[in-house]
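Each value in this text was obtained by applying a stated rule to the coordinates, not by laboratory testing. Because the structure is predicted, anything quoted here is derived from the model rather than measured. Ideal geometry is used to build each Cβ from the backbone, glycine not excepted, and the neighbour counts take in all protein chains shown.
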Amino acid sequence: MGVALARLAQWTAAGYGTGTLEITPLNEVLLKEIIIFVEHFTNDHPQEAKCVFVEPLEWKTNLEPSAFESGYIVSSEEVDKNGEPLLFLSGPQIKVRSFGQLSQLVFIAKDAKLKETQACIEANRDPVVKILGSEYNTMTEDSNVLNILHKISNGDDPDNEKKMKIAILLKQLDLHLLNHTLRHISLQIHLNPVPVKKDIELLKSFSGKGDQTFLESIEYTSDYEFSNGCRAPPWRQIHGEMCYILVKPHDVDTLCVTCSTDGVFLNGGKTDDEGEIDYERKGEVYKDLVTFLKDKSAKFSENMSKQENKFSEEQQKNQTDEVPKKEETYADQKAISGTDKSNLEKTQTNFGKTQMTRRLEPSLNWRTTVDSKDRKTPVKESQEEKHGGKPEKSRASVSHGRAQLFRKSVDKVEEIASESSTESEEDEEPPDHRQEANADLPSEYWQIQKLVKYLKGGNQTATVIALCSMRDFNLAQETCQLAIRDVGGLEVLINLLDTDEVKCKIGSLKILKEISHNPQIRRNIVDLGGLPIMVNILDSPYKSLKCLAAETIAHVAKFKRAHRVVRQHGGITKLVSLLDCAQNSVEPVQSSLYETRDVEVARCGALALWSCSKSYSNKEAIRKAGGIPLLARLLKTSHEDMLIPVVGTLQECASEENYRAAIKAERIIENLVKNLNSENEQLQEHCAMAIYQCAEDEETRDLVRLHGGLKPLASLLNNTDNKERLAAVTGAIWKCSISKENVTKFREYKAIETLVGLLTDQPEEVLVNVVGALGECCQDHENRVIVRRCGGIQPLVNLLVGINQALLVNVTKAVGACAVEPESMVIIDRLDGVRLLWSLLKNPHPDVKASAAWPCDAGEMVRSFVGGLELVVNLLKSDNKEVLSSVCAAITNIAKDQENLAVITDHGVVPLLSKLANTNNDKLRRHLAEAISRCCMWGRNRVAFGEHKAVAPLVRYLKSSDTSVHRATAQALYQLSEDPDNCITMHENGAVKLLLDMVGSPDQELQEAAAGCISNIRRLALATEKARYN
Amino acid sequence: MNRKKLQKLTDTLTKNCKHFNKFEVSCLIKLFYNLVGEATERPGAAIGLDRNHYYLLFCLPLSSSSLVFRGFDKDNDGSINVTEWVNGLSLFLRGSLEEKMKYCFDVFDLNGDGFISKEEMFHMLKNSLLKQPSEEDPDEGIKDLVEITLKKMDYDHDGKLSFADYEKAVREEALLLEAFGPCLPDPKSQMEFEAQVFKDPNDFHD
């Protein structure tokens, strides 16, 4: 315990005294292990549990005296032989003197046990000394079991045997903790033991006697290898050290070297006594063993360079099988340690917020580029895990879309916050695959090198020939792409763009356009300043040149930094003006090197805008440059080549409110609907996606229906092979079905049956939308019946156990909608759906909570869930308006049952509801008023609401513009007015006049409630007057 | 030259020329005689532009200008007469790809045998690479460039370019039209020339 605590636990302030334990996963693990140890102590070792500590463990506790059962109020009944209590609590200070009491305490502390343990350990930096006495100081590393035994057998304490046992137990715990945490730490290692081991083995094979060898000898100091590949003792592994080696080069004395995760360095060498190693660092840290030795030994360096090839070849061979492993640890490491914990948490919360405010968006948007997908997956995933905070790595197939979603929201946060902040996701440089000079290079490499030479040293004619010849290589192949770069071709190609030679520019762009499919090349082009030059070319008088430049920009500008460069050099405006070309219907027939059709120019412009439109600022720039009307005009054409980038851009931009308004104004919906009928799947997908984005708006939903868009959407549901398109189509259906009229249409087209069929065997991206759509449809009685009849309830309930937040929100909503039907409710209950819903109330995601609370109205059933009612009441402490509204609604339902009402009253529902009264949110107001009026039905709750000052705010609700708030409020006031004090409060707050207006309302319930309330107030006034006169 | 004669000349040339209208032809004729100068306007004497005039107009690099001149001078009499002038410009300014290919091939086919041979290529490319001091034999690079070109354009693998080879290559990659040296005006000077010469007399007063 001692070693583990001193070495492992991450203390905020070094040194003893007031240091506190940081909240890190590692510390949490430590504390939990200690708690488990203490908890089991009494059971496992009843005798030892009674043994009295030498000194009490003393700390400030947060436990209230009332938490202890009788007999514990100030001190325990159990006393030691001197009559002192074994547990003593006074004020916040607590003293504990035995393991028995400690485990009792942990038991009493319940949820607070982690905090208590932490406080205890913080206050008692060396608990072992306090427990067993100072002779058992385990802080020193040399202690061992024998030592302890020796000390104990020498002592004459009667408790000797017990003490010894405790000492051994603590020692065991210590080891256990060390092992446990080691597992955690070993995941964070930078250099991992495997390559180090290989290096050493390799060097070994090149060492021995004689002049040609690298070294005389190289050896480990320890023969024992731990399961994680390290040879350093565990307490040194904590410092990142993996092994120690003795190296004897030809020309210098034996070096004792430490290989640690941070690098390789010289240590203090073997100390004379006992062969111990002086772990102190004595020199610079080198990145690896070979670099270290090269610096230390001239001979090594010399021999090394002689045989460099052989050695590096071997090394490479090794590396190739190492690579996957390295990547894995890289990702893991990022997932677990992150870069900076607090930073990480910040982004996480940030991320959570944006996701909420941005309406839960299912991850339809996974398409960036097909070609880059594969290459980027590892980076993306690690990114995703960073935000998810989960170190698992096995969801490659599904998670792709989600990663994209993450990217999107993260992108946005960053862009809004500060444009120059650290680049996200895609900007993390992919590992550079520069080819080794001596590796076996493909013949293309040499040929390309020769061509680049002619590019550099040739006049226009030679340059053009070289450019044309270069195009004969397979530029889609990575070998060729990287070869061009590695021989310095990119610089030359970009330089050519800056000359006056139009032909050279054309030739160069034709190559750049192809090779920029490679993400690494894109980055290199941006690094070399290629984008501003291309942006300038957009002004060229030659259309074909413009086209090529725009197309190349479309390929290069696939990441954030590039988006920014394009915008900052005025590229967006220029690209938007390319869209303007197509209005000229008289096309020149002549096709020359420099000319091309106007439509082509517009198409390339749209392609580039599509790429650029993935950034928020660029979307704005496109809009400001007048891009929307131009896109709208291009949308009327009928070339698929043109339509895909145009719709793609619109779809990308439709995430912005401004765009959705403009899209409506420019009559774009009509054409989107028209193109749903196209033959091209990609086009259909983008149209559906755009509709999905825009259909948040009611008018747009109506437009989709009026232009006949619902039928094609419904029929596209039948084709489920193309998942991207299916996700887009179901998304569009979901959003469209928010309008009742649309739902009716969908029913006509039998879409609901089809949707139910899609509840199984679909990727999450599709499921989210399908369930969302069903949730909307099920607001209708007829549809609920259809869903039940088609067997939709079972798969819906099955989805309640998922982990995808967006999906859960929709599923709970859909199940809730179905639960309105008693018949369906029976099925849901039979499938254990009610319990599942209840368990979702504990979900950390507020949206999930909110939607899970809606259907929680199963009367008696509710009480059968242990702690269920308490849970619901506690949800009133949430600060999320949606959660609160739905919880209030749930409470209204639950409280219909008298017994439930009694229970929730005991759980303090009245003060919690009262606390919420000062809200401006009409939705919350309505549900809150309903809940209050329902809760008045029990005991003295009416009075209690008055005492908790809920009445005055309620009166103000009557001034709200929402009539449904009026009705609920009037009913609540009516209930509250049964109490005279409340009547006075109401009167003082001017309720009578407001209620009088309500009496004239056409809403009969409102009328009655208002009138009833007035009459109660009036009656009280009369009674007081009477009393005064008597 | 009297008006009537000029009118007649304009009419015949307009009839034979695909790409120019009557106004444009008359502009070009006017320009021709301006360039040639009044001095040469003697009956019976050969009227024409010699090479030196030619450079002034199109600023083509000297290395290939002789080639271009040959392309214009169809009758090989060493000077360009008014008909050759108008027809040549018709190709330069308005020529279709086919016409241009034909013209360029003729220019590159130095000995007129219907093929562009390796030797011809070598001759045309010999100044295309900067001399690198490190290179032992400066001609090596040129030879290599010829090989690269052949690999790219010689579809029938007979070691020389026929018109069919050349045409196929150009249709595939328009950049190869002037593979062995510039012999057409670049689009910028072309536009400037047209703006200068075809000025509408009516615009004059604006």
Of the listed links A:LYS558/A:LYS723; A:LYS543/B:LYS199; A:LYS674/A:LYS711; A:LYS505/A:LYS558; B:LYS118/B:LYS143; A:LYS505/B:LYS168, those spanning more than 20 angstrom between alpha carbons are A:LYS558/A:LYS723; A:LYS543/B:LYS199; A:LYS505/A:LYS558; A:LYS505/B:LYS168
Full-extension gain between B:ARG70 and B:ASP144, please, as 0.36 nm times their residue separation minus the C-alpha to C-alpha distance. 23.9 nm
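Within the range A:198-286, report the trypsin sites (Lys or Arg not before Pro) that DSSP leaves as loop and that have at most 10 other Cβ atoms within 10 Å. Mind showing how you got there, number by number?
Numbers: sites: A:LYS198, A:LYS204, A:LYS209, A:ARG231, A:ARG236, A:LYS270, A:ARG281, A:LYS282; in loops: A:LYS209, A:ARG231, A:LYS282.
Within the range A:198-286, the qualifying trypsin sites (Lys or Arg not before Pro) (loop, at most 10 other Cβ atoms within 10 Å) are A:LYS209.
Cut-off is 10 Å between beta-carbons; in what order do A:TYR454, A:TYR445 appear when sorted fewest neighbours first?
A:TYR445, A:TYR454
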Enumerate the whole-percent occupancy of each 5 Å bin, from 0 to the last occupied one, for all C-alpha pair distances of the range A:193-312. 2, 12, 22, 26, 19, 12, 6, 2, 0
Hey, which of these cross-link pairs are over 28 Å Cα-Cα: B:LYS160/B:LYS188; A:LYS50/A:LYS110; A:LYS877/A:LYS959; A:LYS95/A:LYS162? B:LYS160/B:LYS188
Work out the charge dipole of the range A:975-1030 with +1 on the Cβ of Lys and Arg and -1 on the Cβ of Asp and Glu about the Cα centre, then indicate which of A:THR985, A:ALA1021, A:LEU1006 is farthest towards its positive end. A:ALA1021
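Extension gain A:ASN677-A:LEU175, at 0.36 nm per residue separation less the Cα-Cα distance, in nm?
On the way: separation 502, 0.36 × 502 = 180.72 nm, distance 6.89 nm.
My answer for the length gained is 173.8 nm.
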With the crude spin-label approximation of a point 7 Å out along Cα→Cβ, what separation in nm comes out for A:ARG835 versus B:ASN34? 10.0
At a 10 Å Cβ-Cβ cut-off, how would you order A:PHE945, A:PHE107, fewest neighbours first? A:PHE107, A:PHE945
Residue separation times 0.36 nm, minus the C-alpha to C-alpha distance between A:LYS993 and A:ASN918: what's the value? 24.9 nm
So for the range A:193-312, averaging the separation of alpha carbon pairs under 8 Å that are six or more residues apart and normalising by length, what relative contact order in percent results? 19
What is the mean projected area of the alpha carbon convex hull for the range A:528-574, to one decimal in square nanometres? 2.9
Averaged over A:465-475, how many beta carbons belonging to a partner chain fall within 10 Å of each residue's beta carbon? 4
Test of understanding: ordering A:LYS923, B:LYS168 by Cβ neighbours within 10 Å, fewest first, what list do you get? B:LYS168, A:LYS923
Mind checking the log10 I(q)/I(0) for the range A:579-689 at q = 0.15, 0.19 Å⁻¹? Debye, one equal scatterer per Cα, no solvent, two decimals. -0.61, -0.94
Largest-first principal axis extents, alpha carbons of the range A:445-529, Å: 30, 26, 17
What nm distance separates the two modelled labels at A:SER1015 and B:HIS157, each placed 7 Å from Cα along Cα→Cβ? 10.9
Interatomic Cα distance distribution for the range A:909-1002, bins of 10 angstrom, percent: 18, 57, 24, 1
Pop the C-beta distance of A:THR744 and A:VAL194 into the FRET formula with R0 = 56 Å and round what comes out to the nearest 0.05. 0.30
For A:ARG281, the net charge from surrounding residues (Cβ-Cβ under 14 Å; K, R +1; D, E -1) works out to -3
If each of A:GLU753 and A:ARG667 carries a label point 7 Å out from its Cα toward its Cβ, how far apart are those two points in nm? 3.7
Using a Förster distance of 51 Å, the FRET efficiency for A:GLU699-A:ALA1023 (Cβ separation, nearest 0.05): 0.40
Which residue, A:CYS230, A:TYR244, A:GLY283, has the largest displacement toward the positive end of the dipole of the range A:225-285 when charges sit on each Cβ (Lys, Arg +1; Asp, Glu -1)? A:CYS230
